[in-house]
Structures are given as structure tokens and as C-alpha cells.
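Note sheet for the following structure.
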Amino acid sequence: MKQKEYILIIGALGQIGRELTDELRERYGKENVLAADIRPKEDVSFEKQPYIQLNVMDKEALESLIAENKFTQIYHLAAMLSASGERNPQAAWTLNMESLLSILDLSVKYKVGKVFWPSSIAVFGPDSAKQNCPQQGVTEPSTIYGISKAAGEYWCKYYFEKHGLDVRSVRYPGLISYTGAPGGGTTDYAVDIFHSAVKGEKYTCFLKEDTALPMMYMHDAIRATLELMDAPSESLSVRTAYNLSALSFTPKEIYEQIAKEVPGFEISYVPDFRQQIADSWPQSIDDSVASKDWGWKPAFDLQKMVKDMLSNIEVYP
Ligand code: AKB
């Protein structure tokens, strides 16, 4: 077990936070990883402790927490995703940007060693390459979430260059996991579909059957995050956010793969406003810079992921 780290995870009860918290505790010890989220402590199960209730928009509370603890790493995962962001653009911008700026600022002030903040494929837009979208391509996002991620990437680079803050980031594709539900994203269908399948219900997909999007199994996403955080600083050539790739599939393709394991499973397609968001994103991502700089390589293909999901999934309450 590695030692001498004290890690804060903000957004620890979210889709990424849950699994990242468990993995970091495995590595560094439970008492060395403090989970923080907006939910009251009483509502949080014993296995998520040590836990602190934190509203990341409360800058005073955030500053006291960081000032009173010598965190060596902060993972800032709290954000409003693409679909929720389109329903409430001002709130998405405020949450996504102000919280990042507070974390960057306080991390410099209190000398936090390393910061992780997630970016997304949402930084890309209709004019970006659809296939194998490159690291240094056009980023003209059309969602407020994407705009906040694109701006955030430049803030991270700015803090690295001007203040020497070691802040690292990846552009996550849609993430698929069996613990905890995603919330408010355009790629959420790829998780929801499993819940319908195991409950024996027909699934109504909010995207068209042929909408290919970049996706990744959570095991790969957590490993990528930790591999990036472990990489020597001098090997990192990207200080905005690294492209990251694993899978690319359509609703029809994932449905067919699930139906092989769950005979009789049915789907229908009723696209809504999220179709336009999905259509603005690339279908596949070129992550060769991440491979070159820190050895990134995904482990799960579609078939392996579907089998693993179905054997581990906990149905939404
Ligand atoms: C979303 O769909 O908004 C997210 C993302 C791709 O960042 N999953």
C-alpha cells in the first residue's frame, strides 16, 4: 500500500466518485481518503466513511476544509452534465466554472500537490472530426456543459503554467458502470438499458438506433484516471485534457449484445432533445497522445463489458 497521501474527493457519491473513492481507499487506506458530497452525513452508508457533507459552491466551507487539512491530492468531480445543463444553462455554468476556479485557487494557496478534474468529449462540437477525433482538433462545443469543460481545460493549463499547479485531466467518453446511476448526461442510455434488461422491461431509448458515441467501461475509466495521476509530470505533454478512448457503439449494437445474454429483451427508439447533443459529438476518439505519454490502453471491449455489467449490476432502487 502506498502511503503519505491525504486525498479529498469532491462529488464522491456520483457515478465516478463512488468507484474512484473505493479504488483510492484500496491503494492508500480508508482513513487517507476523505469523501465529500452534498448529501448529509446521516444519509451516507457506513462503508462510505470517512465522509463530510460539502456544498462545493460554499467557498468559505471549502476553504476551511482545505486550510485545515493538508491534502496532497484533490479530485474535483462535482458537475452538471450535458442534458441537465441544457435544461438550466446558467446554473450549469455557475456550478461547473465557479467550483473549478475555487479548487484551482485554493489548491495553489494551500499547496495541494496534485489536482484531478474531469473534462469530456463534450468539448467537441459539430465541426470536430466525427471519426478518430484528434487531440488537437476543433473544439467548438454546442452545449453549455461542453463550453464549461472547454473553458475549464484552459483554466487548468493556465494554473499549471502561471502557478505551477499540477492539475491533470482527461476527456471522458460516456461512462458505463453498475454501481450508482449517472445523472443528466446524454450517454446515460447506455447504463439505463442494462437496468431495463435485468428488470425484464422493454427499454425506450432516447437516441436513434444508429447514433454512435464514444463510451468506456468504468473499470477502464478509473484505471485511466489513476494511471494519469501516477505518471511523472515531465512525461505529460497535454495540460488541457487528454483524449481517452475505449469503445464506440450505437444503441442498436449495445442492445443486440445485451439481447444475446438476455433473450426476449426488447427496445424501441423515441429520440428527444438529447439526439441533437449526441449528433454534435464525435463518434470515435483518437487517444494516441495518451497512449504515447502515459501508456493508456483500454481493456474492455463491448462483449466483455456487457457480460461484466450483467453479472454485477445492482438494479436502481
Ligand atoms: C454526458 O453525457 O453529458 C457525459 C459526458 C459525455 O461527459 N456522460
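Each value in this text was obtained by applying a stated rule to the coordinates, not by laboratory testing. Source: prediction; values computed, not measured. Note that each Cβ is placed from the backbone with ideal geometry, even for glycine, and that neighbours are counted across all protein chains shown.
Odds and ends about this structure:
- Residues that are hydroxyl-bearing (S, T, Y) and within 12 Å of the ligand (Cβ to nearest atom) were ranked within the range 163-186; the one that is farthest from G11 (Cα to Cα) is T186.
- Any hit, the range 85-100, residues being crowded, with 19+ Cβ neighbours inside 10 Å, β-branched (V, I, T) and within 26 Å of G184 (Cα to Cα): no
- Only listed residue being away from the ligand (no atom under 13 Å from the Cβ), more than 22 Å from A122 (Cα to Cα) and of a type in the set (V, I, T), chosen from V238, V262: V262
- Here G200 clears all of (1) under 18 Å from Q283 (Cα atoms); (2) more than 14 Å from the ligand (Cβ to nearest atom) except the condition numbered (1).
- Members of the range 37-61 found to be in a helix (DSSP H, G or I), surrounded by 12 or more Cβ atoms within 10 Å (Cβ to Cβ) and of a type outside the set (A, V, I, L, M), listed by number: K41, K48, K59
- So E42, is it within 23 Å of L228 (Cβ to Cβ) and over 18 Å from the mean Cα position of the chain (by Cα): no
- You will find that of L95, L101, the residue that is within 15 Å of the ligand (Cβ to nearest atom) and aliphatic (A, V, I, L, M) is L95 and no other.
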